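To keep things clear, I will list the structure first and then write my remarks on it.
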Amino acid sequence: MPPRIERIEMIEFSYELSDVGTPPGGFDIIYDPGTTTKRKLFAIRVEVSDGLLGEYVGGNSPGAAQINMFADYLVGKNPLERERHWSELKRALRKYDRMGIGPIDIALWDYAGKRYDAPIHELLGTYRERLPTYASTYQGDQSGGLDSPEAYADFAEECLEMGYPAFKVHGWDGDWRDPDLLAATVRVVGDRVGDEMDLMVDPACDLDTWAEARQVGQACDEYGYLWYEDPYRDGGISQHGHRKLRQALDTPILQTEHIRGLEPHTDFVASEATDFVRVDPEYDAGITGAMKVVGVAEGLGLDVEFHAPGPAQRHCIAATRNTNYYEMALVHPVAPNTTPPVYAGEYRDELDAIEDDGTVRVPSGPGLGVDFDWDYIEANATGRREYR
């Protein structure tokens, strides 16, 4: 008798980040002493007729709303038929961004690994088990943390001493955004550690104009930055704009974090609007969707870089030849990492979680290979839905 999904539970919960806030006129998180920010996430459990669970923690409210649209469809279905479900859900959510598919698909991969007593990367096909890792910073602040080009360079040196082989600057948000300040930061960090680390810069679509994006990109050119990511206010989606930016700069462009799914990624690459290809298993319709993008990039001779830290990302990177780094985000010299405290075992995504050689290990247990702290999730629950 094939296994069947008997019940899906989705729990909304909150967690707090101390000394973290947002800049005036902005949205990104910054170091803000004395401020506490509350964030919300979703925990998913897929109960299967053989007694095993598929689990995942992540997602957001729009994605949860989409899960509410299709969860009933999955009840009674075979959880191993991921490709069939992926195709049906992709069609069902064709009017939306399909971000609801990711958390469920990852949970189904977790279940499959438990059923076959293997980590997900073995089911995908293992290429490596240690992942070179870069330090991906908070946005800049004005509170004595990352508050100047020199402070970013000091932190880059600290990360280099810890063993990080690469470092990414995010710059300033909101009323503090300033292309001159960001360009200066690119140069100061380049002067300080450019000969010893791979460097990246990600304005997070904060620069107002294409001209400002070109200005910061020219500073990257001077120091041989590995990539330049999501520079300006197109929101990271203009194929034409980024093709023209590529033509104006020597620094490789990394795009596609803010477009969703296989075909838009393929179109972005085909139009020569990016050099590196960005993908996220949570954003891009799960591990199933992310690995399809990996195949497109490989077939066109490009590298794919996974967005954000997490166990799903680690398994995908472990099964991907054409990739370079794992993103340890978001890190800061004094503020906490922004990942939620939901792991009961040894798994960690923190500034000091890398090994001496600048790598992190891929979980080796079945499925995602991590133990979620369901007591913490339940204690901080703010809502739930059940489908059976």
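The values are calculated or read from the model by the stated rules, or taken from the named source; none is laboratory data. Just so it is clear, the model here is predicted, and its values are computed rather than measured. Cβ coordinates were reconstructed from backbone atoms using ideal geometry, including for glycine residues, and neighbour counts include every protein chain displayed. Calculation scope for accessible area: heavy atoms of the full protein, side chains included, ligands and nucleic acids excluded. Shrake-Rupley method; radii C 1.70, N 1.55, O 1.52, S 1.80 Å.
For the reader, a short list of remarks on this structure follows.
- Val334-Asp371 pseudo-label distance in nm [points 7 Å out on the Cα-to-Cβ vector]: 3.5 nm
- Overall form of the stretch 13-144 per C-alpha gyration tensor (a/c, 1.5; a/b vs b/c): prolate
- Spacing of the two label points (7 Å from each Cα toward its C-beta) at Met1 and Glu263, in nm: 4.0 nm
- Segment Tyr116-Arg84, extension gain: residue separation times 0.36 nm, minus the distance between their alpha carbons: 9.6 nm
- Given charges at beta-carbon only (K, R positive; D, E negative), |dipole| of the chain in Debye: 2060 debye
- Per-pair calculated FRET efficiency, R0 = 41 Å: Asp154 and Lys38 via Cβ, rounded to 0.05: 0.85
- The count of lysine pairs in the chain that are at least 8 places apart or cross chains, and whose C-alpha atoms lie under 26 Å apart, stands at 13.
- Heavy-atom accessible surface of the chain: percent carbon and sulfur, 1.4 Å: 44 percent
- Rounded to the nearest 20 debye, the dipole size of the stretch 45-178 about its Cα centre is 1060 debye, using +1 on the Cβ of Lys and Arg and -1 on the Cβ of Asp and Glu.
- Note on Asp357 and Gln218: the model spin-label points, each 7 Å out from Cα along the C-beta direction, lie 4.2 nm apart.
- Only helical runs count toward this figure. For the chain, summing -39,500 (n - 2.57) over DSSP H runs of n ≥ 4 and dividing by all residues gives -10500 deg cm²/dmol at 222 nm.
- Label zone at Gln142, where the point sits 7 Å out along the Cα-to-Cβ direction: the stretch 163-203 residues whose backbone N lies under 12 Å: 173-178
- Segment Asp178-Thr22, extension gain: residue separation times 0.36 nm, minus the distance between their alpha carbons: 54.5 nm
- For Lys90, the solvent-accessible surface computed with a 1.4 Å probe is close to 50 Å², ligands and nucleic acids excluded.
- Taken per residue, the accessible surface of the stretch 6-128 reaches 44 Å², heavy atoms only and a 1.4 Å probe.
- Heavy atoms of Asp303: accessible area, 1.4 Å probe, square angstrom to 10: 50 Å²
- Estimated at 0.36 nm per residue, the fully extended path between Glu129 and Ala65 surpasses their Cα-Cα distance by 19.6 nm.
- Max mean-square fluctuation residue, GNM over the chain, Cα-Cα springs under 10 Å, options Ala184, Ala248, Ala353: Ala248
- Taking Lys and Arg as +1 and Asp and Glu as -1, the other residues whose beta-carbon sits under 12 Å from that of Asp275 total -2.
- Per residue accessible area in Å² of the stretch 130-191, where ligands, DNA and RNA are left out and the probe is 1.4 Å: 31 Å²
- The chain: most fluctuating residue of Pro341, Pro252, Pro281 per GNM, C-alpha cutoff 10 Å: Pro341
- In the full protein context, the stretch 315-388 carries 45 Å² of accessible surface per residue, based on a 1.4 Å probe and ignoring ligands, DNA and RNA.
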